[in-house]
Amino acid sequence: MTHRGQISFVGPFGVGKTTAVRAVSDADVVETEARSTAAVLKTGKHTKPSSTVGLEYGEWKSPSGVRLAVVGTPGQARFDEVRRSVMPRSTAVVLWLFGHHAEAVLDAELWTQFILEEGVPARKLAVAVTRLEPGASLEPFEAAVRTYGGDKVPVLAADPRVRADVEAVLIASTRGGRSIPVTAS
Ligand SMILES: Nc1nc2c(ncn2[C@@H]2O[C@H](COP(=O)(O)OP(=O)(O)OP(=O)(O)O)[C@@H](O)[C@H]2O)c(=O)[nH]1
Ligand SMILES: [Mg+2]
């Protein structure tokens, strides 16, 4: 299958990147999950039975009919190199973030800084905030993203388990499809 580009999902451990790849993928997802030790170390119990250790690949057909690979990356800190290798090859990058915990906004700043410093242009980035409390504002997240130069970066609330939410994020990340290459690669 030839894809016209790929959209990669990055963000903290356990936020829902793999869940989002599965929710949106039209084809079987090729997975590289392994039993999680990070969850045990962090909390003393398993919060999540497995964690991504390599990449996982799904496939999504955009509303204009173009097939794109959707690539989930590992969230654990020790996989920085995997993220670095994937981002420059991406048509778009989606940063998935937790919306509800104490360090949520700091996380938004640190991850945005990491992605933009790696050379991903702001025009290729979108931010998806999960688990927002009812009535909670996206403004602190938008402000955090702006701080690091991403003033045109779309910031959306999204549940990675809900296909329509993930599709909205993908569409925003490709600027309504405008950044999808027009020739097959
Ligand atoms: N309640 C609730 N659960 C969610 C939400 N979003 C994701 N989850 C759950 O959180 C878990 C996320 O797990 P994964 O999809 O494996 O996370 P990941 O980002 O791929 O994790 P790593 O690859 O280990 O970095 C899944 O069990 C989801 O069902 C949400 O908005 N609300
Ligand atoms: Mg994963």
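The values are calculated or read from the model by the stated rules, or taken from the named source; none is laboratory data. All values reported here derive from a predicted model rather than from experimental measurement. No Cβ is skipped: glycine too gets one built from the backbone with ideal geometry, and neighbour counts run over all protein chains shown.
Would you be able to say whether some residue in the range 107-118 is more than 19 Å from Asp151 (Cβ to Cβ), of a type in the set (Gly, Ala, Ser) and crowded, with 20+ Cβ neighbours inside 10 Å?
Checked against the condition, which is being more than 19 Å from Asp151 (Cβ to Cβ), of a type in the set (Gly, Ala, Ser) and crowded, with 20+ Cβ neighbours inside 10 Å, the range 107-118 yields no hits at all.
Identify the residue in the range 63-106 that is away from ligand 1 (no atom under 14 Å from the Cβ) and in a helix (DSSP H, G or I) and, among all such residues, is surrounded by the most Cβ atoms within 10 Å (Cβ to Cβ). Lay out the reasoning, then the answer.
First, the residues of the range 63-106 that are away from ligand 1 (no atom under 14 Å from the Cβ): 63-69, 81, 84-85, 87-93, 102-103, 105-106.
Applying the additional criterion that residues be in a helix (DSSP H, G or I) yields 81, 84-85, 87-89, 105-106.
On the way: Glu81: 8, Arg84: 13, Ser85: 11, Met87: 20, Pro88: 11, Arg89: 11, Val105: 17, Leu106: 11.
Once the filter is applied, the top-ranked residue is Met87.
Across the range 124-136, what is the number of residues that are over 15 Å from the mean Cα position of the chain (by Cα) and either loosely packed, with under 11 Cβ neighbours inside 10 Å or not aliphatic (A, V, I, L, M) (or both)? Give the steps one after another, and end with the answer.
Within the range 124-136, the first condition is being over 15 Å from the mean Cα position of the chain (by Cα), and the residues that meet it are 132-136.
Adding the requirement that they be either loosely packed, with under 11 Cβ neighbours inside 10 Å or not aliphatic (A, V, I, L, M) (or both) leaves 133-135.
Result for the range 124-136: 3.
Show the residue pairs meeting these rules: Cβ distance below 7 Å; 6+ apart or different chains; first residue within the range 83-109 and under 22 Å from Gly176 (Cα atoms); second residue loosely packed, with under 13 Cβ neighbours inside 10 Å.
Pro88/Gly119; Thr91/Pro181
Please find, within the range 27-51, the residue that is farthest from ligand 1 (Cβ to nearest atom) out of those that are modelled with pLDDT of 90 or more and part of a loop (DSSP other than H, G, I, E, B).
Asp28
Please name all residue pairs, on different chains or six or more residues apart, with Cβ atoms under 6 Å, provided the first residue is in the range 121-150 and is in a helix (DSSP H, G or I) and the second residue is of a type in the set (Ser, Thr, Tyr).
Final answer for the pair search is Val145/Thr112.
Considering only the range 151-185, state which residues are crowded, with 17+ Cβ neighbours inside 10 Å and either assigned to a loop (DSSP other than H, G, I, E, B) or of a type in the set (S, T, N, Q) (or both).
Those that are crowded, with 17+ Cβ neighbours inside 10 Å and either assigned to a loop (DSSP other than H, G, I, E, B) or of a type in the set (S, T, N, Q) (or both): Val153, Pro154, Ala158, Asp159, Pro160, Ser173, Thr174, Ile180.
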